[in-house]
């Protein structure tokens, strides 16, 4: 009985309830939302966000934030796309390596600047958001990677696999599972939570904060780079002016909805996955309900505010504790 009570008190249970209620309400308003085809569309909307959200989750747990992931995604997608365009004879794995490694390099720079100069990550990554976008235009010469430059095998990864689930969906959930294993069973994974919970006490416990922090930003960049390849597979082109623009806002929304605390030290892979699924469902539901796409950012912002209030309430010991503090 206690185990059941703990389950229903868990943040993940609350997010799951929100997801089920959202699907139920939208399905009542528009029955065609509740269909196999809609489920497939939601699953195709999930991988791009989910892969980058795993990296952003680790950054937030370590009490930082990475606002540059949209630009890293665009840079990595362009870099890989140029390899595909200029050297079509090379295997697909080379393009993936270029995308992931270029993303990791940009993430490493973020982590290095944050730790060496002891600057707030929100300021550093706000700067590199623009810097990396500028480098993207310089690298590409402001030219788009056209659909005929994207290899057919990469396009097919967004369409099918031997088990009829698109490869990009399989890759995304494999990344989530690997992130769960890393955070749960590795020493570094536990150190990430320790740094986020108390960055002052972490060094006293023998944790090397600087290398771990740099690693977290590097992993975030690498996963944003992988998301860039998924973007190319999903949409079939890469435009330097629009690829990844505003993407960081969507990812942060998904992670915060998933229960990851902006104050660090708290958050789970399961919660993040559920947050991504909820956000993916919202993305798909809006056009079906006839809601303009211009409302998406407003809706994301509202959801983030609600999630922050919920997070604050939980940390204050529930609604009663929050009201008590307010009365004082």
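Looking at 26, 4, 20, 51, which is the one that is modelled with pLDDT of 95 or more and either in contact with a helix residue (DSSP H, G or I) (Cβ under 9 Å, 6 or more places away or on another chain) or in a helix (DSSP H, G or I) (or both)?
Numbers: 26 fails: modelled with pLDDT of 95 or more; 4 fails: modelled with pLDDT of 95 or more; 20 fails: modelled with pLDDT of 95 or more.
On inspection, the qualifying residue turns out to be 51.
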**Request:** Return only the number of the condition from (1) at pLDDT below 95; (2) buried (at least 22 other Cβ atoms within 10 Å of the Cβ) that residue 102 does not satisfy.
**Result:** (1)
**Asked** Given the structure, is residue 253 under 30 Å from residue 200 (Cβ atoms), in contact with a helix residue (DSSP H, G or I) (Cβ under 6 Å, 6 or more places away or on another chain) and not in a loop (DSSP other than H, G, I, E, B)?
**Response** yes
**Asked** Which of (1) part of a helix (DSSP H, G or I); (2) touching a helix residue (DSSP H, G or I) at 6+ places or on another chain (Cβ under 9 Å); (3) farther than 20 Å from residue 119 by Cβ does residue 241 not meet, given it meets every other one?
**Response** (1)
**Item:** Residue match in the range 55-77 (condition: over 30 Å from residue 203 (Cβ atoms), touching a strand residue (DSSP E or B) at 6+ places or on another chain (Cβ under 6 Å) and either crowded, with 24+ Cβ neighbours inside 10 Å or free of Cβ contacts under 8 Å to residues at least 40 places away in the same chain (or both))
**Value:** yes
**Request:** Return a yes/no flag: does the range 155-173 have any residue that is touching a residue at least 12 places away in the same chain (Cβ under 8 Å), assigned to a helix (DSSP H, G or I), farther than 30 Å from residue 270 by Cα and touching a helix residue (DSSP H, G or I) at 6+ places or on another chain (Cβ under 8 Å).
**Result:** no
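The values are calculated or read from the model by the stated rules, or taken from the named source; none is laboratory data. Just so it is clear, the model here is predicted, and its values are computed rather than measured. We place every Cβ from the backbone using ideal geometry, glycine too, and count neighbours over all the protein chains shown.
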